[in-house]
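Down below is the structure, laid out as structure tokens.
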Amino acid sequence: MNIYVLDDREENRKLITQILQSHTSHEVYDFSTGETLLKYLERGIGEPDLFLLDIIMEGMDGYEVAAHLKRNKAFADVPIIFLTALDDKESLAKGFKSGGSDYISKPFSKEELLARINVHLNLRQSMRDLKNHSLELKRDKELFYVRGKELRSLYQILQQGMSSLSLEEFFTDAARDIIPKAFSSGTPCRAFIQYRDRIYHSSDPGEKPPDYSVKAPLKVNGKEKGSLVVGFRSSRKGITTEFEQKIVFLLAEKLAQVINHYEKESELRYEAFLLKKALEKREERGYILFSADHHVIAHNQAFLEAFRIQEKKSGKKKKKKVLTLDEMSTLTDPHYQQLLKTLLDEDIPQKVMLTGADGEEFRLFSWPLEEEGIVAGKLWVIDKMGAKDG
């Protein structure tokens, strides 16, 4: 698939391109200005499957570029992910209003970038799969075209499912609004989603039962996690069309993908919780965590104080935020430069000695973070001289 990257900083474009070319088979096209990107698309060259847009740029910003893309029918359905250092609600809301599908906060990790891109490219592929189903429904061709717009409910299931705050919120919306709209107005229906020990439905109290229904399992990793039942009211004596059956099973398949997404996110949140607890125990010792691409993921106050680094604050309430590698690199004090050189040296031994800002001696210990044999990052912990190893 084709990914179009827009960022006015060359180092950011090179980093993103390197990650994508190293870990995927996608084609990557990068642009430094919004004007250049739009002119390239006007020439009719290539077929983008995903846009990665920086927001803050000179001239045309990411919001304006996104709005231009959404006004063009050729690119209106292509997902847009914003790359931004902005984290306030107003900026995020403006991004979604201008046509964004998602956003990635800077600095980002390789894993987050690849995961989010994968989600939206899967959504893109799902839309193509829907088009391919028209070949299987030739004998229902006329009906298929009448209901063509309603097939977008399948895409909406995935898109809304990936952005909802919880599965409960998503299931409620899907049962009451999204799934009933997947069928023509001439076929009234009610949806029932059973997941674990709860049922989410769109029926009203005292409502007559449906004339007939279609049931499809919700399978996640080969295991049945629940089911989707769609009940219909009709005068056709309980006979469903092949079209309706296919849509119900396709809807169940997309619901299962959303469940899988949430279950994986739960595992990641739990792993992050365990790592945070481990780091909190070392709070007095000072730590800094780098990704494999040398992005700063986390650090604590004890680390900053050891080397007299001023922590950056942002937002109206001046919340503290993680200093990026670029921000640390701009510090001119030789202690900072020596520190960064040591921390980012791939061949540095597991334990080294460094002098802090006040001439105090520190020992630094490193632990590589590995996932299936691949180094995903490195954690450095500092100790003052005289503290015990551990």
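The values are calculated or read from the model by the stated rules, or taken from the named source; none is laboratory data. Values in this document were obtained by computation on a predicted structure and should not be read as measured data. Here the Cβ positions follow ideal geometry from the backbone for every residue, glycine too, while neighbour counts run over all protein chains shown.
Data table
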quantity: Residue in the stretch 61-76 that is more than 22 Å from the chain's Cα centre (by Cα), in a helix (DSSP H, G or I) and small (Gly, Ala, Ser) present; calculated: no
quantity: Residue check, LEU69 surrounded by 21 or more Cβ atoms within 10 Å (Cβ to Cβ) and out of contact with any Asp or Glu (no Cβ under 9 Å at 6 or more places or on another chain); calculated: yes
quantity: Residue match in the stretch 65-77 (condition: charged (D, E, K, R), touching a strand residue (DSSP E or B) at 6+ places or on another chain (Cβ under 7 Å) and in contact (Cβ under 8 Å) with a residue 12 or more places away in the chain); calculated: no
quantity: Meets criteria (assigned to a strand (DSSP E or B), out of contact with any Gly (no Cβ under 7 Å at 6 or more places or on another chain) and not hydrophobic (A, V, I, L, M, F, W, C)) for ASP30; calculated: yes
quantity: Residues located in the stretch 204-221, provided they are exposed (fewer than 15 other Cβ atoms within 10 Å of the Cβ) and assigned to a loop (DSSP other than H, G, I, E, B); calculated: ASP204, PRO205, GLY206, GLU207, LYS208, PRO209, ASN221
quantity: Flag if ASP293 is in a loop (DSSP other than H, G, I, E, B), at pLDDT below 75 and within 30 Å of ASP88 (Cβ to Cβ); calculated: yes
